[in-house]
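Take a look at the following structure, please.
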Amino acid sequence: MRYVKPLSLFQDLLKTNGLERGRLLGLDVGSKYIGLAVSDINNKIASPLSVLLRKKSNIELMADDLKCLISELSLEGFVVGFPLDRRKSTTESVLVKLFIDELCNTNKLTGIKYTYWDEHLTSKTVEMLLKPLNLHPVHSKIFVDKFAAVNILQEYLDYVNRSTRNES
C-alpha cells in the first residue's frame, strides 16, 4: 500500500479509461470494527458495504478480505477516515495509523493507494440519526460504523469532484 494525497488519488483514477476506472473503498477504523463503504463506478456516490471485525490476531485475514474486495469491486484505492486534530495526536488517530501500518506490513495489498480524510464527528452524526430507531446496541454499532464509512467516503467524493469540476 502506498499513501497519496487526497486529490492525487482521485486524479490518478481520472487518468484511467472510463470503462476500466476503478472504485474507492471508504474505511471507518474503530477499535472493534472497521466500517466499509464503496463508491459507484463513476466515483460520485458512496454506499454502505459491510463491517469487518477487528482483532490484533486477524490482520492477515482482514488483508485477505480487503484483497478479495479489491478484485471483486475493481477497487483502486482506500479513503481512510482519520480524526484530524492539528494540535495533537489523539488515541483514535494513533489507532488508525497503527491499523494502516499493520495492513501495509502484510504485503498483501501492494499496488493499492490510500489517503486519509477527516472523519471529524462522522460517528456522532450517525449515532444521532439512529437514536430514534431504538436499535439493539450491537446492531446500532454496526450501522454506525458502516454509515460513518459512507459519510467519510461521500465527503471525500464531494470534495474531489467539486475540485475537479472547478479546475476544468
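What is the number of the single condition among (1) closer than 17 Å to Gly111 by Cβ; (2) surrounded by fewer than 14 Cβ atoms within 10 Å (Cβ to Cβ) that Ser31 does not meet?
Here Ser31 meets the rest and fails (1).
Would you mind listing the helices (runs of 4 or more DSSP H) fully within the range 70-168 where at least 3 residues are open to solvent by less than 90 Å² (accessible area, probe 1.4 Å), at pLDDT 95 or above and in contact with a strand residue (DSSP E or B) (Cβ under 7 Å, 6 or more places away or on another chain)? Don't jump to the end; show me each part of the working.
Working: elements: 91-105, 122-130, 137-167.
Per the criteria, 137-167.
Residues in the range 42-69 that are touching a residue at least 24 places away in the same chain (Cβ under 8 Å), open to solvent by 20 Å² or more (accessible area, probe 1.4 Å), part of a loop (DSSP other than H, G, I, E, B) and farther than 14 Å from Asp145 by Cα: how many?
Number of matching residues: 2.
The values are calculated or read from the model by the stated rules, or taken from the named source; none is laboratory data. Keep in mind the model is a prediction, meaning the values are calculated, not measured. Quick reminder, even Gly has a Cβ in these numbers, built from the backbone with ideal geometry, and neighbours come from all protein chains shown. Note: areas computed on protein heavy atoms with side chains; ligands, DNA, RNA excluded. Shrake-Rupley method; radii C 1.70, N 1.55, O 1.52, S 1.80 Å.
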